[in-house]
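Asks: Submitted below is the structure of interest, expressed as structure tokens.
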Amino acid sequence: MYPCQRIRSTCHSRRDFLQQAGTGFGALALTALLNSGELGNARAAEQQPDKSPFAPKATHFPAKAKSVIYLYMDGGPSQVDTFDPKPRLTAENGKPFGLKMEPTQFNNNGATLGSPWKFNQYGDSGLPVSDLFPHIAQHADKLAVIRSMTSEFPEHTSANYFLHTGTGVQGRPSMGAWFGYGLGSECRDLPGFVVINGGLIPPGGLDCFNSGFLPASFQGSVFAAQQPPVSNIQRLEATDSLQRNKLSLLKQLDQQLLERTGRADALESAVANYELAYRMQTVVPALMDLKDETAATQSMYGLDSKYGPTTTFGRQCLLARRLVEKGVRFIELTCPSLGHDRWDQHGGLKKGHEDNSRCVDQPIAALLTDLQQRGLLDSTLVVWSGEFGRTPFAQGSDGRDHNPFGFSLWLAGGGTKGGTVYGATDEYGYKAVENACEIHDLHATMLHLMGMDHTRVTFRFSGRDMRLTDVKGHVLKDICA
């Protein structure tokens, strides 16, 4: 007996349950199954020594990409002002909108609103890019633009959950957690899923980066773009050996508890995270110190910009490249604070989108250049996306409301086919009318480029095999090289 039952963990494995239920007859049945070979794989797996949850795992087929950098454009950039030009909007600017309007978030709908920016064709592909992105436009031949993405949700929080987790409700695993679970990490000293916080956590909060029902080791680790990147990165003990002794004792106590109670994710993940945090103490400060980057590289990313948000996002992009070099599997960047709303321009479209594009344009272009120069772009999948798009008609006089019916995003590197356009919206840029895509298709394609069959990346939870793409998802092979 234990001296105090209140502190004893109540978690039990299925084997424990079978041994205790029905006077143990369940365990006898399990033994028979194991001996018959029907569960031989499960028994063999149990007999193998435990591996770190961060260890690299085999892919289903040869991978094109090893890492993902997800450039999250919080709030929903306007597709008709960025990568989906619509001459009809310009021709009918100020006139009544020519199609039926679906209910919108605020229902303060105005007339047709043409884009304030011109589009030009760039590169050998002639890909159209708006004047909002003069730097990214120079990489047109690297971009695979999807113009027919759709979302199931018209408001930010649910749309963010849907974009990040494949489900529009709180508490499901983020795509970064799924990538870590399916692939492990090639970096022993850093988390496999890192979020670099530029100053704005998306609506929906930190659950956008949650591990959900997956083991807690795969949850996103949020780094600040500035020093210190994470809290308590410096040890409090006087010496390394003193801290190491404390961790060893803690691990020993945790292991004794696991031996008594059986497997428990919270405890096993804590043990793995303690060890990882110890190693991060040395690696993270060096990672964040950009003194070894040349002045030319720092200037290319905009670290000398007079516009503060450009400097912040430039640092995020440079850190993302350094994390890729370390072997981190999935890196997500969030938007800096601009002193007004992010890409969510319900009013003041021109100033709002120009501030946002000024913040990210030069750093993203520098990231693509830098990855290519270092031979990393072919193995790094870069994704640029918001959670939905904007209406082609005005909200009020100079804003755009949320539009989940058709919007644009792009991918570059990592086995994608640059200089391509996939899908189309109608003449107004309102709804997807050709090769309409779902977020599930985006997730399936990203996993495919990383060497994973999305239907096989599953986790047993609540009586069914769960996956990032739920029961949907098609690989967009037309954008794959």
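The values are calculated or read from the model by the stated rules, or taken from the named source; none is laboratory data. Quick caveat, the model's predicted, so the values are computed rather than measured. We place every Cβ from the backbone using ideal geometry, glycine too, and count neighbours over all the protein chains shown.
Asks: With the checklist (1) touching a Ser or Thr at 6+ places or on another chain (Cβ under 8 Å); (2) at pLDDT below 95 in hand, flag the one item residue 289 doesn't pass.
Replies: If we test residue 289 against (1) touching a Ser or Thr at 6+ places or on another chain (Cβ under 8 Å); (2) at pLDDT below 95, just (1) comes out false.
Asks: Here's another thing I want to ask about it. Give 446, 452, 466 a once-over and let me know the one that is under 18 Å from residue 164 (Cβ atoms), in a loop (DSSP other than H, G, I, E, B) and out of contact with any Lys or Arg (no Cβ under 6 Å at 6 or more places or on another chain).
Replies: 452
Asks: Next question. Of the conditions (1) in contact with a Pro (Cβ under 9 Å, 6 or more places away or on another chain); (2) crowded, with 24+ Cβ neighbours inside 10 Å, residue 410 fails just one. Which one is it?
Replies: Exception for residue 410: condition (1).
Asks: Moving on. Based on this model, can you work out whether residue 468 counts as crowded, with 24+ Cβ neighbours inside 10 Å and closer than 30 Å to residue 124 by Cα? Break it down into steps so the answer makes sense when it comes.
Replies: Working: crowded, with 24+ Cβ neighbours inside 10 Å: yes; closer than 30 Å to residue 124 by Cα: no.
When the stated conditions are applied, residue 468 does not pass them.
Asks: State the number of residues belonging to region 266-297 that are of a type in the set (S, T, N, Q) and part of a loop (DSSP other than H, G, I, E, B).
Replies: Residues that pass the stated criteria total 1.
Asks: Here is a further query. Can you tell me which of (1) crowded, with 22+ Cβ neighbours inside 10 Å; (2) free of Cβ contacts under 8 Å to residues at least 24 places away in the same chain; (3) of a type outside the set (Ser, Thr, Tyr) is the one residue 463 doesn't meet?
Replies: Answer for residue 463: the failing condition is (1).
Asks: Okay, next question. Looking only at region 270-307, count every residue that is of a type in the set (Gly, Ala, Ser) and either touching a His at 6+ places or on another chain (Cβ under 8 Å) or surrounded by 13 or more Cβ atoms within 10 Å (Cβ to Cβ) (or both) and tell me the total. First the steps, then the outcome.
Replies: Kept after step one, since they are of a type in the set (Gly, Ala, Ser), are these residues of region 270-307: 270, 272, 277, 286, 295-296, 299, 302, 305.
The next check asks that each one be either touching a His at 6+ places or on another chain (Cβ under 8 Å) or surrounded by 13 or more Cβ atoms within 10 Å (Cβ to Cβ) (or both); those that pass are 270, 272, 277, 299, 302, 305.
Qualifying residue count, region 270-307: 6.
Asks: Still on this model: Counting only residues that are touching a residue at least 60 places away in the same chain (Cβ under 8 Å) and either farther than 28 Å from residue 328 by Cβ or small (Gly, Ala, Ser) (or both), which one in region 374-387 is surrounded by the most Cβ atoms within 10 Å (Cβ to Cβ)?
Replies: Only one residue fits best here, namely 386.
Asks: So how many residues does region 103-115 have that are surrounded by 14 or more Cβ atoms within 10 Å (Cβ to Cβ) and under 33 Å from the mean Cα position of the chain (by Cα)?
Replies: Final tally of qualifying residues: 7.
Asks: For region 394-420, what are the residues that are farther than 25 Å from residue 92 by Cα, more than 18 Å from the chain's Cα centre (by Cα) and not in a loop (DSSP other than H, G, I, E, B)?
Replies: 420, the sole residue that qualifies.
Asks: Something else about it: If I filter region 78-90 for residues that are over 29 Å from the mean Cα position of the chain (by Cα) and part of a loop (DSSP other than H, G, I, E, B), do I get at least one hit?
Replies: yes
Asks: Exactly one of (1) out of contact with any Pro (no Cβ under 8 Å at 6 or more places or on another chain); (2) assigned to a loop (DSSP other than H, G, I, E, B) is unmet by residue 383. Its number?
Replies: Residue 383 satisfies every listed condition except (2).
Asks: Could you go through region 339-358 and let me know if any residue there is among the polar types (S, T, N, Q) and in contact with a strand residue (DSSP E or B) (Cβ under 7 Å, 6 or more places away or on another chain).
Replies: Checking region 339-358: at least one residue is among the polar types (S, T, N, Q) and in contact with a strand residue (DSSP E or B) (Cβ under 7 Å, 6 or more places away or on another chain).
Asks: From 141, 124, grab the single residue that is in a helix (DSSP H, G or I) and either touching a Ser or Thr at 6+ places or on another chain (Cβ under 9 Å) or under 30 Å from residue 63 (Cα atoms) (or both).
Replies: Sole residue among the options that is in a helix (DSSP H, G or I) and either touching a Ser or Thr at 6+ places or on another chain (Cβ under 9 Å) or under 30 Å from residue 63 (Cα atoms) (or both): 141.
Asks: Counting only residues that are of a type in the set (Asp, Glu) and in contact (Cβ under 8 Å) with a residue 24 or more places away in the chain, which one in region 107-152 is farthest from residue 395 (Cα to Cα)?
Replies: Filtering first and then ranking leaves 124.
Asks: Related question: Quick one: would you say residue 134 is outside any helix (DSSP H, G or I), of a type outside the set (D, E, K, R) and under 16 Å from the mean Cα position of the chain (by Cα)?
Replies: No: the conditions fail for residue 134.
Asks: In region 312-369, which residues are assigned to a loop (DSSP other than H, G, I, E, B), closer than 30 Å to residue 186 by Cβ and of a type in the set (A, V, I, L, M, F, W, C)?
Replies: Residues satisfying the conditions are 328, 335.
Asks: Going through 174, 148, 217, 130 one at a time, which residue ends up being of a type in the set (Ser, Thr, Tyr), out of contact with any His (no Cβ under 6 Å at 6 or more places or on another chain) and closer than 19 Å to residue 53 by Cβ?
Replies: 217
Asks: Right, residue 437: in contact with a Lys or Arg (Cβ under 7 Å, 6 or more places away or on another chain), of a type in the set (A, V, I, L, M, F, W, C) and modelled with pLDDT of 95 or more or not?
Replies: Values: in contact with a Lys or Arg (Cβ under 7 Å, 6 or more places away or on another chain): no; of a type in the set (A, V, I, L, M, F, W, C): yes; modelled with pLDDT of 95 or more: yes.
For residue 437, the condition - in contact with a Lys or Arg (Cβ under 7 Å, 6 or more places away or on another chain), of a type in the set (A, V, I, L, M, F, W, C) and modelled with pLDDT of 95 or more - is not met.
Asks: Condition first: within 26 Å of residue 383 (Cα to Cα) and touching a helix residue (DSSP H, G or I) at 6+ places or on another chain (Cβ under 7 Å). Now tell me which residues in region 90-119 satisfy that.
Replies: 115, 116, 117 - these are the residues of region 90-119 that are within 26 Å of residue 383 (Cα to Cα) and touching a helix residue (DSSP H, G or I) at 6+ places or on another chain (Cβ under 7 Å).
Asks: Continuing with this model, one more query. Kindly establish whether residue 368 is without any contact (Cβ under 8 Å) to a residue 40 or more places away in the chain, more than 28 Å from residue 204 (Cα to Cα) and hydrophobic (A, V, I, L, M, F, W, C).
Replies: Against the criterion (without any contact (Cβ under 8 Å) to a residue 40 or more places away in the chain, more than 28 Å from residue 204 (Cα to Cα) and hydrophobic (A, V, I, L, M, F, W, C)), residue 368 does not qualify.
Asks: Let me ask something else. Checking the conditions here, which among 161, 181 is more than 30 Å from residue 119 (Cα to Cα), in a helix (DSSP H, G or I), in contact with a helix residue (DSSP H, G or I) (Cβ under 6 Å, 6 or more places away or on another chain) and not small (Gly, Ala, Ser)?
Replies: Details: 161 fails: in contact with a helix residue (DSSP H, G or I) (Cβ under 6 Å, 6 or more places away or on another chain).
Unique residue meeting the criteria: 181.
Asks: A further question on this structure: Suppose we keep only residues that are in contact (Cβ under 8 Å) with a residue 60 or more places away in the chain and buried (at least 18 other Cβ atoms within 10 Å of the Cβ) within region 204-220. Which one would you say is nearest to the chain's Cα centre (by Cα)?
Replies: Within region 204-220, the first condition is being in contact (Cβ under 8 Å) with a residue 60 or more places away in the chain, and the residues that meet it are 209, 213-215, 217-218, 220.
Applying the additional criterion that residues be buried (at least 18 other Cβ atoms within 10 Å of the Cβ) yields 209, 214-215, 217-218, 220.
Details: 209: 8, 214: 16, 215: 17, 217: 16, 218: 12, 220: 9 Å.
In this case the residue turns out to be 209.
Asks: Taking residue 68 as the residue in question, decide whether it is surrounded by 22 or more Cβ atoms within 10 Å (Cβ to Cβ), under 30 Å from residue 317 (Cβ atoms) and more than 21 Å from the chain's Cα centre (by Cα).
Replies: Against the criterion (surrounded by 22 or more Cβ atoms within 10 Å (Cβ to Cβ), under 30 Å from residue 317 (Cβ atoms) and more than 21 Å from the chain's Cα centre (by Cα)), residue 68 does not qualify.
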